[in-house]
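The values are calculated or read from the model by the stated rules, or taken from the named source; none is laboratory data. Keep in mind the model is a prediction, meaning the values are calculated, not measured. In this analysis, Cβ positions are derived from the backbone assuming ideal geometry, glycine residues included, and neighbour counts consider all displayed protein chains.
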Amino acid sequence: MQNLMPITFEILEKDIAGRIGRLRAGNQTVRTPVLLPVVNPHLQPVSPAEMKAMGAEGIITNAYIISRSTQFRDRALSEGLHRMLGFDGLIMTDSGSFQLAVYGDVEIGNLETLEFQEAIGSDIRVPLDIPTSPEAGRKQAEDDLSLTLDRLREARENLGADAPIAGPVQGGIFEDLREFAGQMVGKMGFSFCPIGAVVPLMESYRYKELVRVVMAARRGIPCSSCVHLFGAGHPSMFALAVAMGCDVFDSAAYALYAKDRRYMAPSGSYRIDELAELPCACQVCRSHTAAELRASPDIVRLLSLHNLAVSLAEISRIRQAITDGVLWELVDERCRGHPQLLQAYRDFLERGKEIEPFDRSSKRRFFYRGGESCLRAEVSAFQHQIRRIATGRNVLVAMDGVKRPGYDTILLFKPPFGPFPPELRETFPIGQSEIPEWDDEMVVQGCLGLLALMDANPESRFSIFTHERWLDIVQKELPGCEVRYDRV
Ligand code: GUN
Ligand code: ZN
C-alpha cells in the first residue's frame, strides 16, 4: 500500500485571506474549504457512507485508536481504511498526539505511527506532534516545538520528501514561536500544515487568542500551503477561520454536541429541550417536530445528522461567498452570534494592513453593515491607492456632490472610502458599494481617505464643500482645511 504521491494544493479563487482550492492527496481530490468529519470507528452515530452521501468529501479518523483495537487493527491492515470504513473519499488519519496530550501515557513512536498510517492506506498522515496547552509557559512551548520539529524532520528523512505527511504547526500561545514553526514546516517542504493545539481555545470561547495564534502561524506558513485548523469546530467560526486563510477543518463537534442534546445553527447552538421549532431545511428537521426529536430513542443519531448537515452547508455557503467576493459580509454576520466572536472579529479587522495584501482588488459588492465595515480591508486598500492620484493646484472635494467651476481637479466623495475622481465612479469599490444614509463613523473614515490624499499632494490646495450636517466632523478630522457648507 506504498503511496508516495505528494500532497498538492492549488488555489483557484480568493477573498480576504481565504481561498477556494483543490487539495490532492493519494488519488483523492477535494475542494477546499473542506470539513473532514471525525469518525470514531467504535462509535458511529453516522456512518462514513452516509457522510459521503451528505456531501462530505473527506473524513478524519484516529490511527492510534485503530492500532489499539483488536476489532479494527487487523481489518485495517488487511482491507485498508477505505474498505473497512466504507468510504471512498479522502481519509486523513491523526496520530496519537491528542491522546498523548490528554492521557499522557501513550506508548507509540513517531515513525511507528507513520508507518502504521501508511500500511492502512491513509491519504494524509500525521506525525506524533506535541500539542502545547495554551496554559503552558514559554519554556514548555519551546521544548514541545523543538521536539515536534525533530519528529517532522525524522519523518521527512526516513519516509521520503513525497510521503503524504502533514506538518503540524505548534508553539502554544506565543506568536513568534507559531510564526517560526510555520516557517520551519514550510522550509521542510510540508505543503499541508495543520495549526495545532487550538481546541482548548475554541472550547473556552477564547476566539481573540485564536485569531492571534492563527494569524501568527499564517505569517510563517507559505501562502501556497494548505492550512488545516486542527479540531475546529463549530460552524459559527468557520467563516472567520477561512477569512484568516484556513482551508481544512476537522470536527467531532457534530457528534459531541449531539451527545449533549445540542442543536447546531449556523451562528450558535440551542439545547434541544429549549426549542419549540426546528429552524433548518435538513431531512431530520423537516420530518420531525421538535417534540418528536426530543422524544426519539434515536436522538443522538438524529441530532448528529442535523449538526453535520448544518456544518457541511456552512462550508458550501463559505465557498459560494468566496466565489462572489462577499466573504466579509458572511464573517460579519456570523461573528455577531457570540460576544467573544465579535471581539475576535474586531481584532481581525484591526489587522487591515496584514490582510490587505491577500484580499482581492475587485469584488462583486461591498455592503455597509455598520461601524465594523469601516475597518474592512477594501477601505484601507482604497485609502492606500488614493495616494497615487496626482491632484492639480486647486482641488474641489465635493462632499455634497455638486461640481463647481474654477478648479483644476474635481473629486467626489463616498464614505467610508473617501474622495474619488468621477472617472472611478463605476469601478470597485466606489461603484459596487451599497451604503445607507451617511453616518458619523463612515464620514470620519472617509475623511481619513481625504487626509491620505492631501498628504500625498502637499502642493495642492483643497477646498471642501459639505452639507452643514457634516461640518463639525470634517473640520475636526481635517484641521486647517478650507471647509464650506451648504445650509440645506
Ligand atoms: N487534534 C486537535 N489538535 C491537535 C493537535 O495539535 N495535534 C494533533 N495531532 N491532533 C490534534
Ligand atoms: Zn436540521
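Values as computed for the structure displayed
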{"item": "Residue check for M244: crowded, with 23+ Cβ neighbours inside 10 Å, more than 16 Å from ligand 1 (Cβ to nearest atom) and closer than 27 Å to D94 by Cα", "result": "yes"}
{"item": "Considering residues of region 277-310 that are closer than 24 Å to L36 by Cα and of a type in the set (S, T, N, Q) only, the residue farthest from ligand 2 (Cβ to nearest atom)", "result": "S304"}
{"item": "Inter-residue pairs, beta-carbon under 8 Å, first touching a residue at least 40 places away in the same chain (Cβ under 8 Å) and more than 30 Å from G26 (Cβ to Cβ) and in region 122-137, second within 16 Å of ligand 2 (Cβ to nearest atom) and of a type in the set (V, I, T), 6+ apart", "result": "none"}
{"item": "Residue match in region 251-269 (condition: among the charged types (D, E, K, R), away from ligand 2 (no atom under 16 Å from the Cβ) and over 14 Å from the mean Cα position of the chain (by Cα))", "result": "yes"}
{"item": "Near pairs, Cβ below 7 angstrom, 6+ apart or cross-chain, from region 66-92 (over 17 Å from A49 (Cβ atoms)) to any residue that is hydroxyl-bearing (S, T, Y) and surrounded by 16 or more Cβ atoms within 10 Å (Cβ to Cβ)", "result": "R73/S67; M92/S122"}
{"item": "Pairs where the first residue, in region 25-46, is within 14 Å of Y257 (Cα to Cα) and the second is charged (D, E, K, R), C-beta under 7 Å, 6+ apart", "result": "V38/D250; P45/R301; V46/R301"}
{"item": "Options F348, F358; residue that is modelled with pLDDT under 95, within 16 Å of the chain's Cα centre (by Cα) and at negative phi", "result": "F358"}
{"item": "Count of residues meeting criterion [free of Cβ contacts under 8 Å to residues at least 12 places away in the same chain and closer than 14 Å to G446 by Cβ] in region 476-488", "result": "1"}
{"item": "Every residue from region 439-488 that is of a type outside the set (D, E, K, R), in a strand (DSSP E or B) and closer than 18 Å to R393 by Cα", "result": "F462, S463, I464, F465, V483"}
{"item": "Residues satisfying the stated conditions in region 431-483, i.e. touching a Gly at 6+ places or on another chain (Cβ under 6 Å) and either farther than 14 Å from P419 by Cα or at pLDDT below 95 (or both)", "result": "E441"}
{"item": "Among the candidates P436, P429, residue that is surrounded by fewer than 17 Cβ atoms within 10 Å (Cβ to Cβ), in contact (Cβ under 8 Å) with a residue 60 or more places away in the chain and not in a helix (DSSP H, G or I)", "result": "P436"}
{"item": "Of the criteria (1) more than 16 Å from ligand 2 (Cβ to nearest atom); (2) within 26 Å of T323 (Cβ to Cβ), which one P235 fails", "result": "(1)"}
{"item": "Residue ID - farthest from ligand 2 (Cβ to nearest atom), chosen from residues in region 89-105 that are surrounded by fewer than 13 Cβ atoms within 10 Å (Cβ to Cβ) and assigned to a helix (DSSP H, G or I)", "result": "Y103"}
{"item": "Helices (runs of 4 or more DSSP H) fully within region 109-213 counting 2 or more residues that are away from ligand 1 (no atom under 14 Å from the Cβ)", "result": "110-119, 138-159, 175-187"}
{"item": "Enumeration of residues in region 142-161 that are closer than 15 Å to S191 by Cα, at pLDDT 95 or above and surrounded by fewer than 19 Cβ atoms within 10 Å (Cβ to Cβ)", "result": "R153, R156"}
{"item": "Candidate set: region 45-88, residues that are assigned to a loop (DSSP other than H, G, I, E, B) and in contact with a strand residue (DSSP E or B) (Cβ under 7 Å, 6 or more places away or on another chain); chosen: the one nearest to T29 (Cα to Cα)", "result": "E57"}
{"item": "Neighbours by Cβ (under 6 Å, 6+ apart or cross-chain): first from region 232-250, under 16 Å from R212 (Cα atoms); second part of a loop (DSSP other than H, G, I, E, B) and modelled with pLDDT of 95 or more", "result": "V242/P33; A243/I16; M244/A17; G245/A17"}
{"item": "Residue that is nearest to ligand 2 (Cβ to nearest atom) [pool: residues in region 53-88 that are within 23 Å of the chain's Cα centre (by Cα) and on the phi < 0 side of the Ramachandran plot]", "result": "M54"}
{"item": "Set R138, R156: member being of a type in the set (D, E, K, R) and farther than 28 Å from I91 by Cβ", "result": "R138"}
{"item": "Some residue of region 315-333 being of a type in the set (A, V, I, L, M, F, W, C), within 16 Å of ligand 2 (Cβ to nearest atom) and touching a Phe, Trp or Tyr at 6+ places or on another chain (Cβ under 9 Å)", "result": "yes"}
{"item": "Among the residues listed as V300, V331, the single one being assigned to a helix (DSSP H, G or I), β-branched (V, I, T), surrounded by fewer than 22 Cβ atoms within 10 Å (Cβ to Cβ) and touching a residue at least 40 places away in the same chain (Cβ under 8 Å)", "result": "V300"}
{"item": "Number of positions in region 400-409 that are modelled with pLDDT of 95 or more and surrounded by 14 or more Cβ atoms within 10 Å (Cβ to Cβ)", "result": "2"}
{"item": "Qualifying positions in region 405-434 - at positive phi and either of a type in the set (S, T, Y) or out of contact with any helix residue (DSSP H, G or I) (no Cβ under 8 Å at 6 or more places or on another chain) (or both)", "result": "G406"}
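Residue-wise test of (1) over 30 Å from M188 (Cα atoms); (2) of a type in the set (D, E, K, R); (3) modelled with pLDDT of 95 or more; (4) surrounded by fewer than 19 Cβ atoms within 10 Å (Cβ to Cβ).
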| position | (1), (2), (3), (4) |
| --- | --- |
| M1 | no, no, no, yes |
| L4 | no, no, no, yes |
| L23 | no, no, yes, no |
| V34 | no, no, yes, no |
| I60 | no, no, yes, no |
| F72 | yes, no, yes, no |
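Residues checked against (1) at pLDDT 95 or above; (2) under 20 Å from I59 (Cβ atoms); (3) not hydroxyl-bearing (S, T, Y):
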position	(1), (2), (3)
V248	yes, yes, yes
A265	yes, no, yes
P279	yes, no, yes
S304	yes, yes, no
